[in-house]
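Contents: one structure, followed by commentary.
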Amino acid sequence: MPEKMKFNQGAVVTEPGSSRKYKTGAWRIFKPRIDQRKCIKCYQCWQMCPDAAIRVDAKTGKVWIDYDYCKGCLICLTQCPVKAIEKEVEKK
Amino acid sequence: MTKKVIEASHAIAIGARLCRPAVIPMYPITPQTHVVEQLAEFINNGEMDCAMLDVESEHSAASAVIGIVAAGSRAFTATSSQGLALMYEVLPIISGMRLPAVMAVANRALSAPISIWNDHSDAVSARDQGWIQLWVESSQEALDAVIQGYRISEDKDVFMPLMVCFDGFTLSHLFEPVDVPLQPAVDKFLPKFKPLYKLDVRKPMTFGPIGFPNSFMHFKKQQQEAMLNSISVIKKVNREFKKAFGRAYGDGLLDLYKMQGADYAVIGMGTLCGTARVAIDRLRKKGKRVGLIRVRSLRPFPEKELQSAVKNLKAAAVIDRHISLGQEGPLFTDVRNAIYCNDISINSYIAGLGGRDITVNHFEKVFNDLEKGKQRGEWLF
Ligand code: SF4
Ligand code: SF4
């Protein structure tokens, strides 16, 4: 949640892009981890992640996970055709 | 002003036309249909600069209201009974997003058994969804309430949607002489809609976001404050309406009839009050001290006003055109709650469900009950 809460009438959010401030990573129970050696860069995980938490490095083309927003749904793990994504229990 | 003999549905349509909505999302349902037809005629004839959205359901009509008002335009719609029930999901969204709008509800029973006729079950059941509800008694008031409605709903201290509730058939299809206000007078009375926020691609905003447990209650409290603010706004708009058009409806919240020196009163909403007036006139001629309290605003509920209206009564009877199954008449619940500290006896009567006639005889019986000190109401068949 944003540090200082403002209660605009009708809950209108007047500042665009503010959902970035909401770190959904705190919800995670399982943490996905990409094994770069197995990854074939098919980008299915990038396409399927409901939180756009999978990022692609512009230079290397490698995928990485933004753990600030990854909420651990493991859709990426299910989608990966070469099982390059593993899960571990999140340690808080 | 020009006087015309028209039905209330037509009066509602004229009221809407005079308020210049930009878009009207519509889905027809008996007995609201004449409102839609009339508005379609106005648009077709070029008498109204407005777009009609022919939507696929009442749920869509209510959803379209969100988009129209969020984009900064004035919206009008109308429905009835099952149609209002289908809108139910969207009603608290419109009010929660603080989008002012006016919707006319031609009150009709909810099925089953299927009934196309009048009672108050549709809108009364929706009373907790953050819509101001004005219940009208005549075609004239139906027209006027639409104009008042936009002023109230769009008031900066309110910003809550408003329903104009008018009895299906009993009023919607009733022809009466109606004073039609002139457009310049309405334009003067009702300024252009000024939204607090609006959808604009050049200045993006988020409408309708999630409210987490740490914020949700704050927004509900704001809505409750807005509803309570609307009490004085309804009164103010009613007074200003009188100045502009020469008509007012009680104090805007309650409409009292022959309450001066009354010992006994009936309390009700809508057209049944017209019948009550006839009964009261007859009984007054016989020297009975009887009167009427017509609840015009069900939400917000005028508690203080009601307390002072019943102050000198010995007993009162609430006539509900709806039954909260397993409890009692909901208007009775509200009235008893409001006048809890007034030491008067109060009876509950259920009447007129599914279009059942409410007659002068019924009211004479009710007043007779009160006079005799009968402590219980009943169902009036
Ligand atoms: S676990 Fe879910 S949220 Fe996290 S990266 Fe995979 S798909 Fe995205
Ligand atoms: S789905 Fe698997 S293989 Fe494809 S990019 Fe993602 S991690 Fe790599």
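Can you name the residue in region B:86-112 that is open to solvent by 30 Å² or more (accessible area, probe 1.4 Å) and touching a residue at least 40 places away in the same chain (Cβ under 8 Å) and, of all such residues, is nearest to the chain's Cα centre (by Cα)?
Looking at residues that are open to solvent by 30 Å² or more (accessible area, probe 1.4 Å) and touching a residue at least 40 places away in the same chain (Cβ under 8 Å), I get B:Y88.
Restricting the search to region B:63-81, which residues are part of a loop (DSSP other than H, G, I, E, B), surrounded by fewer than 24 Cβ atoms within 10 Å (Cβ to Cβ) and polar (S, T, N, Q)? Full working, then the answer.
As a first pass, look at region B:63-81 and keep what is part of a loop (DSSP other than H, G, I, E, B): B:71-74, B:80.
Checking which are surrounded by fewer than 24 Cβ atoms within 10 Å (Cβ to Cβ) leaves us with B:71-73.
If the condition is that a residue be part of a loop (DSSP other than H, G, I, E, B), surrounded by fewer than 24 Cβ atoms within 10 Å (Cβ to Cβ) and polar (S, T, N, Q), then B:S73 is the only one that fits.
Of the residues B:T333, B:T359, which single one is farther than 22 Å from B:F169 by Cα and of a type outside the set (K, R)?
Testing whether each residue is farther than 22 Å from B:F169 by Cα and of a type outside the set (K, R) leaves just B:T333.
Residues of region B:13-30 being of a type in the set (V, I, T) and under 16 Å from B:K192 (Cβ atoms), which ones?
B:V23
Based on what the data block shows, is B:F301 surrounded by 18 or more Cβ atoms within 10 Å (Cβ to Cβ), part of a loop (DSSP other than H, G, I, E, B) and either without any contact (Cβ under 8 Å) to a residue 60 or more places away in the chain or assigned by TED's automatic domain parsing to the domain that holds B:A145 (or both)?
Yes; evaluated as a whole, the condition is true for this residue.
What do you reckon, is A:W46 out of contact with any Leu (no Cβ under 6 Å at 6 or more places or on another chain), near ligand 2 (Cβ under 10 Å from one of its atoms) and more than 30 Å from B:V158 (Cβ to Cβ)? Write out each step before concluding.
Values: out of contact with any Leu (no Cβ under 6 Å at 6 or more places or on another chain): yes; near ligand 2 (Cβ under 10 Å from one of its atoms): yes; more than 30 Å from B:V158 (Cβ to Cβ): yes.
When the stated conditions are applied, A:W46 passes them.
Checking the condition surrounded by 20 or more Cβ atoms within 10 Å (Cβ to Cβ), among the aromatic types (F, W, Y), at pLDDT 95 or above and closer than 20 Å to B:K4 by Cβ, which residue from B:F166, B:F175, B:F193, B:F159 passes?
Among B:F166, B:F175, B:F193, B:F159, only B:F166 is surrounded by 20 or more Cβ atoms within 10 Å (Cβ to Cβ), among the aromatic types (F, W, Y), at pLDDT 95 or above and closer than 20 Å to B:K4 by Cβ.
Which one of the conditions (1) over 30 Å from B:G354 (Cβ atoms); (2) charged (D, E, K, R); (3) buried (at least 18 other Cβ atoms within 10 Å of the Cβ) does B:R294 fail to meet, given that it meets all the rest?
Answer for B:R294: the failing condition is (1).
Given the condition surrounded by fewer than 18 Cβ atoms within 10 Å (Cβ to Cβ) and either more than 14 Å from chain A (Cβ to nearest Cβ) or touching a Lys or Arg at 6+ places or on another chain (Cβ under 6 Å) (or both), answer yes or no: does some residue in region B:225-233 qualify?
Scanning region B:225-233, I find at least one residue that is surrounded by fewer than 18 Cβ atoms within 10 Å (Cβ to Cβ) and either more than 14 Å from chain A (Cβ to nearest Cβ) or touching a Lys or Arg at 6+ places or on another chain (Cβ under 6 Å) (or both), so the answer is yes.
Determine which single condition A:V63 fails, assuming it passes every other condition in (1) more than 16 Å from ligand 2 (Cβ to nearest atom); (2) without any contact (Cβ under 8 Å) to a residue 40 or more places away in the chain; (3) in contact with a strand residue (DSSP E or B) (Cβ under 8 Å, 6 or more places away or on another chain); (4) aliphatic (A, V, I, L, M).
Of the numbered conditions (1) more than 16 Å from ligand 2 (Cβ to nearest atom); (2) without any contact (Cβ under 8 Å) to a residue 40 or more places away in the chain; (3) in contact with a strand residue (DSSP E or B) (Cβ under 8 Å, 6 or more places away or on another chain); (4) aliphatic (A, V, I, L, M), the odd one out for A:V63 is (1).
Out of region A:67-92, which residues are away from ligand 2 (no atom under 14 Å from the Cβ), acidic (D, E) and in contact with a strand residue (DSSP E or B) (Cβ under 6 Å, 6 or more places away or on another chain)?
Residues satisfying the conditions are A:E88, A:E90.
Test B:A13 against the criterion of being crowded, with 23+ Cβ neighbours inside 10 Å and without any contact (Cβ under 8 Å) to a residue 60 or more places away in the chain, and give yes or no.
Here the answer is yes, as B:A13 does meet what is asked.
Quick check on my filter: what residues within region B:355-381 are closer than 15 Å to B:D119 by Cβ and open to solvent by 30 Å² or more (accessible area, probe 1.4 Å)?
B:G355, B:R356, B:D357, B:W379, B:F381
Within the group B:R277, B:R294, B:R321, B:R299, which residue is within 30 Å of B:L110 (Cα to Cα) and in contact with a Gly (Cβ under 6 Å, 6 or more places away or on another chain)?
B:R321
Taking into account only those residues within region B:23-62 that are assigned to a helix (DSSP H, G or I) and touching a residue at least 60 places away in the same chain (Cβ under 8 Å), which is least open to solvent (accessible area, probe 1.4 Å)?
Checking each candidate, the answer is B:V35.
Counting just the residues of region A:57-86 that are more than 8 Å from ligand 1 (Cβ to nearest atom) and assigned to a strand (DSSP E or B), which one comes out farthest from the other protein chains (Cβ to nearest Cβ)?
The selected residue is A:E86.
From the residues in region A:4-46 that are in a strand (DSSP E or B) and more than 12 Å from every other protein chain (Cβ to nearest Cβ), which one is surrounded by the fewest Cβ atoms within 10 Å (Cβ to Cβ)?
Within region A:4-46, the match that is surrounded by the fewest Cβ atoms within 10 Å (Cβ to Cβ) is A:R33.
The values are calculated or read from the model by the stated rules, or taken from the named source; none is laboratory data. What you see is a predicted model, and the numbers here were worked out from it, not measured in a lab. No Cβ is skipped: glycine too gets one built from the backbone with ideal geometry, and neighbour counts run over all protein chains shown. These area figures cover heavy atoms from the full protein model, side chains too; ligands, DNA and RNA do not enter into them. Shrake-Rupley method; radii C 1.70, N 1.55, O 1.52, S 1.80 Å.
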